[in-house]
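Trainee: I have a structure here, written as structure tokens, and I will follow up with some questions on it.
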There are 2 protein chains.
Amino acid sequence: MIRIVILGAGNVAKHLFKAFMAQEELEVAQVYARNPKMLSYFGANTKTTSDLTKIETADIYVLAVSDDAISELSKQLNLKKGLLVHTSGSVSIKALPKGVRRGVFYPLQTFSANRIVDFKEIPICIETTNKDDFKLLKHMASAISDTVVPLSTKQRKAMHLAAVFANNFTNHMYHLSHELCEQKEIPFELLFPLIKETARKLEGLSPFDAQTGPARRNDKGTIKRHLAQLKSKKQKKIYSLLSKSIRTTYG
Amino acid sequence: MIRIVILGAGNVAKHLFKAFMAQEELEVAQVYARNPKMLSYFGANTKTTSDLTKIETADIYVLAVSDDAISELSKQLNLKKGLLVHTSGSVSIKALPKGVRRGVFYPLQTFSANRIVDFKEIPICIETTNKDDFKLLKHMASAISDTVVPLSTKQRKAMHLAAVFANNFTNHMYHLSHELCEQKEIPFELLFPLIKETARKLEGLSPFDAQTGPARRNDKGTIKRHLAQLKSKKQKKIYSLLSKSIRTTYG
Ligand SMILES: NC(=O)c1ccc[n+]([C@@H]2O[C@H](COP(=O)([O-])OP(=O)(O)OC[C@H]3O[C@@H](n4cnc5c(N)ncnc54)[C@H](OP(=O)(O)O)[C@@H]3O)[C@@H](O)[C@H]2O)c1
Ligand SMILES: NC(=O)c1ccc[n+]([C@@H]2O[C@H](COP(=O)([O-])OP(=O)(O)OC[C@H]3O[C@@H](n4cnc5c(N)ncnc54)[C@H](OP(=O)(O)O)[C@@H]3O)[C@@H](O)[C@H]2O)c1
């Protein structure tokens, strides 16, 4: 049995809480949030506190708070025992205090309040500063996910940057597409099967091989007509830059 | 029973052939391709020809050839009867000859040789110049798809442009992400669950509301660190432009 204390009550804290609670071998001993109002989600099933001096003892402390708060809050915690891990993709393991057993537990997924996610499928990237802690953290991660991967801080930061392209920028492409549909009064939903297939294709095909479209074919006529159809300067600029980038990718 | 002749033997022709053949009420009478070698895929199950003077009579002629070939080939066809439709998102209905019953049958999906697609889920955008032809084309489309949508040439061209953002540019984001993973020697496959969830999220959330990440939060520190991590000028330029575009989207 691994005893866990979760610090934070945001998206990641909530999703992890649910996933941990579903496992016999994991026990969530307590959830901390600075704002007591945020604790109602957890209250029925575990102890909660808003008082940093009343944190329970645990094997692992999971710091699921905003990136900027990791360093400061972990200092205030003043832990004597246990392994302290944060859940960020872009924060160094060294942001945690020196005197403490340190680790990182980064679930490579996008979490929002109202989405149900299957943790079994979510890769969890872990890092620790010593071997025994690695075993312990791997044990906790493997209890909820089928894919647990050791990544150094440097690798994790690179992964996080790759995720910005694969998630943030991809979502922005959806937004620009949505915007165009609204401007022309056609239903964006018609694109859902295309969007899903674009993602699914990666299972059998590298994105390099999956690329299609006017820029890939260097079809200058269509590119020109598309640019003329676009109204805003921003849309035109993005269309041009990405078309150029695709063109140079294929020489 | 609707009698169909397919002209072309590429990705769209093959996928449509399979989908039509699976329906009792549709009959593929013949497939034409200029290159006889391309006809082996169809030969066992239907008549084939490479001779434009030997085209069978049909209710609907489906011209699934490259955009550039639509106008010329449809003139050479010299049809006396039947409805002639092309399958392109970006070509006007007027590219088909004036004296002929004309239409468009545009499946809003990305087709590649080795992918199985479920036509039931693919929106088919149709257009004709007269009402009876619309009924006939709708009948054929509804036999293979649950979503048949009337779109004018203007609307279809806008849809095609929106699809460039949702498919072509999205895939390029996957490529840039893949490139980063290779440069840092981390497995791109770890991003698959994230990529799929990014697409699935649209079912409950507009892309405007789904946006996350450093640009959305206007987290200048992370953006600066990310730009420093990127090696190539091209990567930096795209990262900057898209981050700026996200920032202005949220004022
Ligand atoms: N969301 C994702 O998709 C995702 C995915 C992987 C990893 N992560 C990482 O997981 C961590 C948490 O992200 P999240 O999405 O759960 O964020 P979130 O929903 O915004 O929640 C942040 C939590 O941190 C708390 N917090 C912020 N500053 C604090 C402080 N100074 N002291 C105490 N608590 C503080 C907030 O409390 P208040 O409510 O009182 O402000 C809130 O409970 C971050 O490191 C993030 O990078 C996020
Ligand atoms: N692929 C997609 O994802 C997709 C989706 C929706 C709509 N569409 C549209 O569907 C149509 C076909 O696309 P596709 O992807 O199937 O293309 P494709 O795989 O490249 O196949 C094109 C076909 O057109 C034939 N062709 C080209 N020029 C010709 C000519 N002058 N005379 C006779 N045949 C000629 C080719 O014959 P050869 O083999 O002899 O060159 C080939 O059979 C296009 O209008 C496209 O815009 C495509």
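Trainee: If you take the residues of region A:99-119 that are open to solvent by less than 20 Å² (accessible area, probe 1.4 Å) and among the aliphatic types (A, V, I, L, M), which of them is farthest from ligand 2 (Cβ to nearest atom)?
Mentor: Ranking the candidates gives A:Val104 first.
Trainee: Let me ask something additional. Among the residues of region A:158-172, write down those that are within 30 Å of A:Lys138 (Cα to Cα), facing chain B (nearest Cβ under 7 Å) and of a type outside the set (Phe, Trp, Tyr).
Mentor: A:Ala158, A:Met159, A:Leu161, A:Ala162, A:Ala163, A:Val164, A:Ala166, A:Asn167, A:Asn168
Trainee: Criterion first (in a loop (DSSP other than H, G, I, E, B), away from ligand 2 (no atom under 13 Å from the Cβ) and out of contact with any Asp or Glu (no Cβ under 8 Å at 6 or more places or on another chain)) does B:Glu127 satisfy it?
Mentor: So B:Glu127 does not fit the description; no.
Trainee: Which of the helices (runs of 4 or more DSSP H) contained wholly in region A:138-251 include at least 3 residues that are small (Gly, Ala, Ser) and in the same structural domain as A:Thr110 (by TED's automatic domain parsing)?
Mentor: The helices (runs of 4 or more DSSP H) meeting that bar number zero.
Trainee: Restricting region B:46-84 to residues that are among the β-branched types (Val, Ile, Thr) and within 11 Å of ligand 2 (Cβ to nearest atom), which is farthest from B:Met140 (Cα to Cα)?
Mentor: Taking the candidates together, the pick is B:Ile70.
Trainee: What pairs come up if the first residue lies in region B:18-36 and is touching a residue at least 40 places away in the same chain (Cβ under 8 Å), the second is open to solvent by less than 80 Å² (accessible area, probe 1.4 Å) and small (Gly, Ala, Ser), and their beta carbons are under 6 Å apart, counting only those six or more places apart or on different chains?
Mentor: Pairs found: B:Gln23/B:Ala143; B:Glu25/B:Ala143; B:Leu26/B:Ala143.
Okay, residues lined up against (1) surrounded by 19 or more Cβ atoms within 10 Å (Cβ to Cβ); (2) in the same structural domain as B:Pro97 (by TED's automatic domain parsing); (3) out of contact with any strand residue (DSSP E or B) (no Cβ under 9 Å at 6 or more places or on another chain):
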{"residue": "B:Ala19", "(1), (2), (3)": "yes, yes, no"}
{"residue": "B:Gln30", "(1), (2), (3)": "yes, yes, no"}
{"residue": "B:Ala44", "(1), (2), (3)": "no, yes, yes"}
{"residue": "B:Asp67", "(1), (2), (3)": "no, yes, no"}
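Trainee: Quick check on region A:87-96. Is at least one of its residues away from chain B (no Cβ under 14 Å), more than 16 Å from ligand 2 (Cβ to nearest atom), part of a loop (DSSP other than H, G, I, E, B) and open to solvent by less than 40 Å² (accessible area, probe 1.4 Å)?
Mentor: So far as region A:87-96 goes, yes, one or more of its residues are away from chain B (no Cβ under 14 Å), more than 16 Å from ligand 2 (Cβ to nearest atom), part of a loop (DSSP other than H, G, I, E, B) and open to solvent by less than 40 Å² (accessible area, probe 1.4 Å).
Trainee: Please specify each residue of region B:120-144 satisfying the condition of being within 11 Å of chain A (Cβ to nearest Cβ) and open to solvent by less than 50 Å² (accessible area, probe 1.4 Å).
Mentor: Those that are within 11 Å of chain A (Cβ to nearest Cβ) and open to solvent by less than 50 Å² (accessible area, probe 1.4 Å): B:Ile122, B:Pro123, B:Ile124, B:Cys125.
Trainee: When you check A:Glu185 against the structure, is it in contact with a helix residue (DSSP H, G or I) (Cβ under 9 Å, 6 or more places away or on another chain), on the phi > 0 side of the Ramachandran plot and more than 7 Å from chain B (Cβ to nearest Cβ), yes or no?
Mentor: Yes.
Trainee: Do the conditions hold for B:Ser92, that is, is it at pLDDT 95 or above, over 23 Å from A:Lys224 (Cα atoms), outside the structural domain of B:Ala166 (by TED's automatic domain parsing) and among the small types (Gly, Ala, Ser)?
Mentor: Here the answer is no, as B:Ser92 does not meet what is asked.
Trainee: For region B:1-25, name all the residues that are among the charged types (D, E, K, R) and more than 8 Å from ligand 2 (Cβ to nearest atom).
Mentor: B:Arg3, B:Lys18, B:Glu24, B:Glu25
Trainee: Shifting gears a bit: In the list A:Gly204, A:Gly251, which residue meets the criterion of being open to solvent by 60 Å² or more (accessible area, probe 1.4 Å), modelled with pLDDT under 95 and within 7 Å of chain B (Cβ to nearest Cβ)?
Mentor: A:Gly204
Trainee: Here's something else I'd like to know. Which pairs do you get when a residue that is under 11 Å from B:Leu242 (Cα atoms), found in region A:228-239, comes within reach of a residue that is part of a helix (DSSP H, G or I) and among the small types (Gly, Ala, Ser), reach meaning Cβ atoms under 6 angstrom, with the pair 6+ apart or on two chains?
Mentor: As it stands, the answer is A:Lys234/B:Ser245, since those pairs meet every condition given.
Trainee: If I ask for residues that are open to solvent by less than 10 Å² (accessible area, probe 1.4 Å) and either more than 7 Å from every other protein chain (Cβ to nearest Cβ) or free of Cβ contacts under 8 Å to residues at least 24 places away in the same chain (or both), which ones from region A:173-182 would you list?
Mentor: A:Met173, A:Tyr174, A:Ser177, A:Cys181
Trainee: Follow-up question, since we're still on this one. Among the residues that make up region A:133-147, is at least one of them out of contact with any strand residue (DSSP E or B) (no Cβ under 9 Å at 6 or more places or on another chain) and within 28 Å of B:Leu205 (Cβ to Cβ)?
Mentor: The answer is yes; a qualifying residue exists.
Trainee: Sticking with this one: It is to be established whether one or more residues within region B:209-226 are closer than 27 Å to A:Arg216 by Cβ, more than 7 Å from chain A (Cβ to nearest Cβ) and either out of contact with any strand residue (DSSP E or B) (no Cβ under 7 Å at 6 or more places or on another chain) or at pLDDT below 95 (or both).
Mentor: So far as region B:209-226 goes, no, none of its residues is closer than 27 Å to A:Arg216 by Cβ, more than 7 Å from chain A (Cβ to nearest Cβ) and either out of contact with any strand residue (DSSP E or B) (no Cβ under 7 Å at 6 or more places or on another chain) or at pLDDT below 95 (or both).
The values are calculated or read from the model by the stated rules, or taken from the named source; none is laboratory data. Here the structure is a predicted model, which means the values were calculated and not measured. When we count neighbours, we look across all protein chains shown, and the Cβ atoms used for this are built from the backbone with ideal geometry, even at glycine. Calculation scope for accessible area: heavy atoms of the full protein, side chains included, ligands and nucleic acids excluded. Shrake-Rupley method; radii C 1.70, N 1.55, O 1.52, S 1.80 Å.
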